[in-house]
Amino acid sequence: MTTITNVAIKDTDSLVIKKIKGKLNDSRGKVTVTLYSGDSCDIWFDEGDKGIVSSKISTENQLGWGAFDAAVEVVMDNDGKAKKGNAQSGAKLGSAKLMINSVEGYIAHKLQGVEEGETASGPGFVICAILDWAEICSNEKRYITIKPMFLSELNEIEDIQG
């Protein structure tokens, strides 16, 4: 398998995607991130620039760029702090273990079309680790929170755009 060492950062990419692509470009397209559990996880660019591939997620279930934007969106919608969710446990969307406003619940509903009461599977544990590595969110026990420096960058961009 060929590792893509660099992908274009597009003007249309969100700040979240620009930061992830930039850091991964700086690492020549492949890096090891630390999961909250302390385990390590290799990540690299998808060959079609659709997102990231991870050693912890099957290749059929790649981490599309939209998942990272959605994760940050739900954190921002929850005043800068959101539960991760527990899709790995087989929890049903809308339950206490997988609320729709959790990272995994939101991604499952918004991007995968999972409806309330259905089970979802989610790579949230890898998404949260990547967002932490990219200095966008802090990966904490059961939660992720927006990092103040990222929030400052985001606010600056919004102020410029008016």
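Residue check: Ile9 meets all listed conditions (1) modelled with pLDDT of 95 or more; (2) buried (at least 17 other Cβ atoms within 10 Å of the Cβ); (3) hydrophobic (A, V, I, L, M, F, W, C) but one, namely (2). In segment 76-102, how many residues are open to solvent by less than 40 Å² (accessible area, probe 1.4 Å), under 17 Å from Leu131 (Cα atoms) and in contact with a Leu (Cβ under 9 Å, 6 or more places away or on another chain)? Residues in segment 76-102 being open to solvent by less than 40 Å² (accessible area, probe 1.4 Å), under 17 Å from Leu131 (Cα atoms) and in contact with a Leu (Cβ under 9 Å, 6 or more places away or on another chain): 2 in total.
Within segment 54-75, can you find the residues that are in contact (Cβ under 8 Å) with a residue 24 or more places away in the chain and open to solvent by 70 Å² or more (accessible area, probe 1.4 Å)?
Once the filter is applied, which keeps residues that are in contact (Cβ under 8 Å) with a residue 24 or more places away in the chain and open to solvent by 70 Å² or more (accessible area, probe 1.4 Å), segment 54-75 yields only Lys56.
Within segment 134-152, the residues that satisfy the criterion of being within 18 Å of Asp77 (Cβ to Cβ), open to solvent by less than 50 Å² (accessible area, probe 1.4 Å) and assigned to a strand (DSSP E or B) are Cys137, Ser138, Ile144, Thr145, Ile146. Among the residues of segment 97-130, those that are part of a loop (DSSP other than H, G, I, E, B) and among the β-branched types (Val, Ile, Thr) comprise Ile100, Val114. The one condition from (1) aliphatic (A, V, I, L, M); (2) buried (at least 16 other Cβ atoms within 10 Å of the Cβ); (3) over 16 Å from the mean Cα position of the chain (by Cα) that Ile157 does not meet is (2). Screening segment 27-52 for residues that are hydroxyl-bearing (Ser, Thr, Tyr) and touching a residue at least 12 places away in the same chain (Cβ under 8 Å) and picking the one that is surrounded by the fewest Cβ atoms within 10 Å (Cβ to Cβ) gives Ser37.
The values are calculated or read from the model by the stated rules, or taken from the named source; none is laboratory data. Everything numeric in this text was worked out from a predicted model, so none of it was measured. In this analysis, Cβ positions are derived from the backbone assuming ideal geometry, glycine residues included, and neighbour counts consider all displayed protein chains. For the accessible areas, the whole protein counts, side chains as well, though only heavy atoms, and no ligand, DNA or RNA atoms are used. Shrake-Rupley method; radii C 1.70, N 1.55, O 1.52, S 1.80 Å.
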